[in-house]
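Q: Handing you a structure now.
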Amino acid sequence: MATEQIATAINAWDVAQRQFDLAAEQLHLPDGLRKVLREPQRELTVHFPVKMDDGTVEVFTGYRVQHNLGRGPAKGGIRYHQNVTLDEVKALAMWMTWKCAVVGIPFGGGKGGVIVDPKRLSLREVEGLTRRYATEISIIIGPERDIPAPDVNTNSQTMAWIMDTYSMNVGYTVPAVVTGKPIPLGGSEGRNEATAQGVVYTIIDAAKHLGMDLPKCRVVVQGFGNAGAIAAQLMSAQGSSIIAVSDSTGGIFKPEGLDIGAVLAWKQEHHTVCGLPGTKDISNEELLELDCDILIPAALENQITARNAGRIKARLIAEAANGPTTPEADEILYNNGKFLIPDILCNAGGVTVSYFEWVQDLDRDFWSIDQVNEKLHRIMTKAFASTLDMCLREKVNMRTAAYLLAVQRVADATSVRGLYP
Ligand code: NAD
């Protein structure tokens, strides 16, 4: 079976619940609290029509899930992908709850998705789909309730359409209903790069802990979108050599190091990283197992599984993607002495700057890029240090350490609020 088939065969929700169970067990959480935190609070499924360019009508299915609202409004991205399922969205929403808690920002976890391959649609059709989906989920989103952001195959333009649609429906402009907006609409400086910037901050801290010298490191990046391409650029700026990158069409490999600017220009023109002159085409499977120092999965879930974990050569794995590693693979990597920065910590820079954007929108007061990055750096470094501390103290892997911190914080908030009614 190819990696992609394996990835879709593994149920992300099952993975998310098993990760939670492990932490709940270690924390000796009371049974009732476990039952509450193990399930999402709300799941909305919508089937909605979109008029296509040829005049026909198509009906699409979308979801918005709110996992936990104990610490604040739900927060999480919206994904457009042909393989979206309700279970995937539930997993991504639960991971958002823990992620916000790890970095200590006052949000709960949410996520949305639409089953669609947007590359098959025209821009006008994507706009129609976005506006109707936004209207359908508007019954549960809002600046005090649930604040979407970009994820796979959505971007600042998608957020602009959602903000405009929501504002039209309520009759006044509501910038704080989404984050990851264009800057002229109340977006934040640094939000576009925030996920990758946070990933790199955690890599710098991990490298320090492991005694790795970044300018001597060879880096491999899977996924060349918002998270992956910018992480590649920022790691290159750290002096590391990016020896391979990939997207959904395959990967490219150059042992002496890629010129990331050239890869970006090639991808822009050809809509694939493959075929760049001077590089060797490789598969996504081969890419994950390359001899390198740092591996950055920045695509989709379930890429590192029991099947390939034993062949991963990187010493440091930085999860820019959500859920790229299964629990079985976690164990193999840990036993092989690999250091893994878990998704809920590693890619939390995105939601952290989304929080900054929401605060700026509500205050109508906007910050400079230096202010944003300084605050982001402080939050990421503190979260990394607390997680590493827990990992060393409890002798668990970094994922379990991050879960112990996060689940305890959410459990405390839930308990102190009490059970209504
Ligand atoms: P994106 O749509 O900008 O990019 C996704 C990239 O992954 C594309 O290059 C695509 O071609 C590639 N890809 C898709 N399927 C692939 C496959 N099977 N093998 C290899 N590459 C594949 O999305 P993004 O925002 O960069 O999100 C990537 C990951 O990062 C997701 O797991 C997402 O949840 C996570 N993430 C994103 C943000 C954010 O702010 N955008 C924040 C936190 C986490």
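The values are calculated or read from the model by the stated rules, or taken from the named source; none is laboratory data. Because the structure is a prediction, the values reported are computed rather than measured. Cβ: placed from backbone, ideal geometry, glycine included. Neighbour counts: every protein chain shown. Each accessible area value is taken on the protein alone, full model and side chains, heavy atoms only, with ligands, DNA and RNA left out. Shrake-Rupley method; radii C 1.70, N 1.55, O 1.52, S 1.80 Å.
Q: Kindly establish whether residue 72 is more than 28 Å from residue 116 (Cα to Cα), within 21 Å of the chain's Cα centre (by Cα) and at pLDDT 95 or above.
A: Spelling it out, residue 72 is indeed more than 28 Å from residue 116 (Cα to Cα), within 21 Å of the chain's Cα centre (by Cα) and at pLDDT 95 or above.
Q: Next question. Just the residues that are within 21 Å of residue 42 (Cβ to Cβ) and either open to solvent by less than 50 Å² (accessible area, probe 1.4 Å) or in contact with a His (Cβ under 7 Å, 6 or more places away or on another chain) (or both), please, taken from the stretch 137-153.
A: Selection gives 137, 138, 140, 141, 142, 143, 146, 147, 148, 149, 151.
Q: Further question on the same structure: Which one is nearest to the ligand (Cβ to nearest atom) among residues in the stretch 161-210 that are under 24 Å from residue 345 (Cβ atoms) and of a type in the set (D, E, K, R)?
A: Applying the filter and picking the extreme gives 191.
Q: Taking residue 371 as the residue in question, decide whether it is open to solvent by 60 Å² or more (accessible area, probe 1.4 Å) and of a type outside the set (Lys, Arg).
A: On the way: open to solvent by 60 Å² or more (accessible area, probe 1.4 Å): yes; of a type outside the set (Lys, Arg): yes.
Answer is yes for this residue.
Q: Restricting to the stretch 178-206, name every residue that is without any contact (Cβ under 8 Å) to a residue 40 or more places away in the chain and open to solvent by less than 10 Å² (accessible area, probe 1.4 Å).
A: Selection gives 178, 200.
Q: Then there's this: Test residue 124 against the criterion of being in contact with a strand residue (DSSP E or B) (Cβ under 9 Å, 6 or more places away or on another chain), among the charged types (D, E, K, R) and open to solvent by 20 Å² or more (accessible area, probe 1.4 Å), and give yes or no.
A: Against the criterion (in contact with a strand residue (DSSP E or B) (Cβ under 9 Å, 6 or more places away or on another chain), among the charged types (D, E, K, R) and open to solvent by 20 Å² or more (accessible area, probe 1.4 Å)), residue 124 does not qualify.
Q: Given the structure, is residue 223 touching a residue at least 12 places away in the same chain (Cβ under 8 Å), open to solvent by less than 20 Å² (accessible area, probe 1.4 Å), under 17 Å from residue 324 (Cα atoms) and within 9 Å of the ligand (Cβ to nearest atom)?
A: Yes.
Q: A further question on this structure: I'm checking my understanding of the structure. Among residues of the stretch 226-245 that are touching a residue at least 40 places away in the same chain (Cβ under 8 Å) and away from the ligand (no atom under 12 Å from the Cβ), which one is surrounded by the fewest Cβ atoms within 10 Å (Cβ to Cβ)?
A: Across the stretch 226-245, the extreme among qualifying residues is 234.
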